[in-house]
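The values are calculated or read from the model by the stated rules, or taken from the named source; none is laboratory data. This is a predicted model, so every value here is computed, not measured. Counting neighbours? That spans all protein chains shown, and the Cβs are built from the backbone with ideal geometry, glycine included.
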Amino acid sequence: MRSILIILFFMLMIVSAKSYSQKWQSGRFTDVKGNADSGFIRFGSGKGPIKDEGFIEFKEDNKSEPFKLSASDLRSFVVGKDSFVVAHPPRNESWAKNEFDFIKVALDEDIKLYVTKGGGRGRGHGFSIEPGIGAGVGTGGFGGGVGGGIAIPIGGGGSYEKTTWYYGENTASMKRLTDLNFEDVMADIMGDYPDVVDKIHAKVYVLENIDRLLAYYNQVKEGKKR
């Protein structure tokens, strides 16, 4: 009985996440020439315009015919509460699904924090739009927070991957965030807030619960503004 319930649970997750990934949400994109446009966006599934590149679908309004934008057409885009930039995998890593794809900006500081479902050597890469994730998007176009934990279907393909985190000044210099470098990297990123750094050094927050760290960091940061 327990096994049947577990199977049913994961089947519901697949159906729910897949249907959500096809949902149009308000958003905006900036293309490679710096032109910006607002409308409705959803992640593309199936065959894209360019081989080995992720893509999104865009329409100006509900009556417009949607069209596809490949990763090489874009600099970044915002959809719902989440912000994404285009990226190649870091050196010595590969993304099996697309070698030029979208990666989510989880923290927009001098040293940025990026997150993807999948990533790493020989792993898949991509995103569905995730419910309940992220903080409000500011004028800079990047969301402040991110949820971690449960991986969801990637690119509508039905495969599941773990969450992978990267850090760097930009996507060209990003490196993998690991258990070994987590304390040093996150203490450096969040160094303006001693209370947060103390909890990092005390290992209250580790890579496994980084979503809680980001929530706490954003809470402290907002508190300092008041």
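Are there any pairs, at least 6 apart or on different chains, whose C-beta atoms fall under 7 Å, with the first in the range 209-226 and within 16 Å of ILE189 (Cα to Cα) and the second β-branched (Val, Ile, Thr), and if so, which?
ASP211/VAL146; LEU214/VAL146; TYR216/VAL196; TYR217/VAL196; VAL220/VAL196
Test each condition in (1) outside any loop (DSSP other than H, G, I, E, B); (2) modelled with pLDDT of 85 or more; (3) surrounded by 23 or more Cβ atoms within 10 Å (Cβ to Cβ) for LYS117 and report the one that comes out false.
All conditions pass for LYS117, except number (2).
When you go through VAL146, VAL86, VAL78, VAL137 one by one, which is the residue that is farther than 20 Å from GLY46 by Cβ, touching a Lys or Arg at 6+ places or on another chain (Cβ under 8 Å) and modelled with pLDDT of 85 or more? Let's see the steps before the verdict.
On the way: VAL146 fails: modelled with pLDDT of 85 or more; VAL86 fails: farther than 20 Å from GLY46 by Cβ; VAL137 fails: modelled with pLDDT of 85 or more.
So the residue among VAL146, VAL86, VAL78, VAL137 that is farther than 20 Å from GLY46 by Cβ, touching a Lys or Arg at 6+ places or on another chain (Cβ under 8 Å) and modelled with pLDDT of 85 or more is VAL78.
If you check GLY27 against the conditions, is it within 20 Å of the chain's Cα centre (by Cα), assigned by TED's automatic domain parsing to the domain that holds ASN170 and at pLDDT below 95?
Criteria not met by GLY27.
Being assigned by TED's automatic domain parsing to the domain that holds SER173, in contact (Cβ under 8 Å) with a residue 12 or more places away in the chain and farther than 24 Å from LYS112 by Cα, is that true of even one residue in the range 69-86?
Filtering the range 69-86 for residues assigned by TED's automatic domain parsing to the domain that holds SER173 gives 69-86.
Retained after the next criterion (residues that are in contact (Cβ under 8 Å) with a residue 12 or more places away in the chain): 69-86.
Adding the requirement that they be farther than 24 Å from LYS112 by Cα leaves 69.
Looking through the range 69-86, at least one residue is assigned by TED's automatic domain parsing to the domain that holds SER173, in contact (Cβ under 8 Å) with a residue 12 or more places away in the chain and farther than 24 Å from LYS112 by Cα.
So, in the range 53-85, how many residues would count as being surrounded by 14 or more Cβ atoms within 10 Å (Cβ to Cβ) and either part of a loop (DSSP other than H, G, I, E, B) or charged (D, E, K, R) (or both)?
Count: 11.
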